[in-house]
Amino acid sequence: MTKTLAPKDRIFVGLDTPDIERAVSIAKSLVGAVGGIKIGKELFTAQGPDGVRLVAGGAPLFLDLKFHDIPNTVAGAVRAAVHLRPAILNVHASGGRAMMQAAGQAARETAEDLGVERPKVIGVTVLTSLDAQDLEEVGQRGPAEDQVLRLARLTQDSGLDGVVCSPREIAAIRKACGPDFLLVVPGIRPSWSSSDDQKRVMTPEEAIAEGADHLVIGRPIAAADDPLAAARRITEDLSGTLVN
Ligand code: C5P
């Protein structure tokens, strides 16, 4: 179960670049030092499924494409995505119950057909770039924290495995959705790194203590002069002991 994960397996490194050579080189340098790689829309759109295969290279993959469409279309996208063997993939929870159920069913059935492990399917609740006024403009009921909890509960009720959430949402979602709901958390900054454009950050240790399962860490590792050293330093911070 996730709670017994080794510190390094908590970490998914976000590779936000359309540059395939750079992405492959960073991913290769991190093999065995982190839990996996997160690939999102930028790299996927620039380099396609072959690019994803090349970069992930067999490492656990979080395919962060945030599907949001009618249930039938999302189910088709999930079936196609499962061929890339992701460990985790995601959809927008605001796509609704039927869409999330279709996504979960497509993941189960396709994994079974292929004889591979079923990817965890998680929901995106409220994008952290949206504030209360943005929500009101698109007709969603705020405050944002209430909408996050509403969508997290709907995600769980639709049979999905967990959600992506910001560090400050961890405690409330953990309380509402219980210990087995997977919480995957970006917005993580070690105390020794720059916060870049992230406004509300938590250190890896704080986020795990709050109840996060996996941490998505991008620039503190991927943009470091030595990504492997940065990943190891974070793992050391997490475990409180030196790793080899
Ligand atoms: O470089 P950094 O650690 O900020 O990267 C975080 C990753 O997590 C990026 O891929 C970013 O798109 C993603 N993310 C985020 N905040 C959210 C949702 C996703 O930073 N609320």
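The values are calculated or read from the model by the stated rules, or taken from the named source; none is laboratory data. Predicted model, so just to flag it, every value in this text is computed and none were measured. In this analysis, Cβ positions are derived from the backbone assuming ideal geometry, glycine residues included, and neighbour counts consider all displayed protein chains.
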Search result, residues across region 197-232 that are in contact with a helix residue (DSSP H, G or I) (Cβ under 9 Å, 6 or more places away or on another chain), at pLDDT 95 or above and farther than 21 Å from Ile39 by Cα: Met202, Thr203, Glu205, Glu206, Ala207, Ile208, Glu210, Gly211
Wholly within region 22-101, strands (runs of 3 or more DSSP E) carrying at least 2 residues that are within 24 Å of Ala223 (Cβ to Cβ) and not hydrophobic (A, V, I, L, M, F, W, C): 36-40, 61-67
Residue match in region 31-54 (condition: within 13 Å of the ligand (Cβ to nearest atom), among the acidic types (Asp, Glu) and within 23 Å of Leu130 (Cα to Cα)): yes
Among the residues listed as Ser191, Ser166, Ser195, the single one being without any contact (Cβ under 8 Å) to a residue 12 or more places away in the chain and within 20 Å of Gly14 (Cβ to Cβ): Ser195
Boolean, Asp16 is away from the ligand (no atom under 15 Å from the Cβ) and not hydroxyl-bearing (Ser, Thr, Tyr): no
Count - residues of region 140-199 that are within 26 Å of Arg118 (Cα to Cα), outside any strand (DSSP E or B) and touching an Asp or Glu at 6+ places or on another chain (Cβ under 7 Å): 2
Selection from region 65-90 of residues that are crowded, with 19+ Cβ neighbours inside 10 Å and in contact (Cβ under 8 Å) with a residue 40 or more places away in the chain: Val78, Ala87, Ile88, Asn90
Checking Ser239 against (1) small (Gly, Ala, Ser); (2) under 20 Å from Ala87 (Cα atoms); (3) touching a residue at least 60 places away in the same chain (Cβ under 8 Å), the condition it does not meet: (2)
Single condition Leu61 does not satisfy, out of (1) farther than 15 Å from Ala231 by Cβ; (2) more than 16 Å from the ligand (Cβ to nearest atom); (3) of a type in the set (A, V, I, L, M, F, W, C): (2)
Check on Ala231, touching a residue at least 60 places away in the same chain (Cβ under 8 Å), more than 12 Å from the ligand (Cβ to nearest atom) and either outside any loop (DSSP other than H, G, I, E, B) or among the acidic types (Asp, Glu) (or both): yes
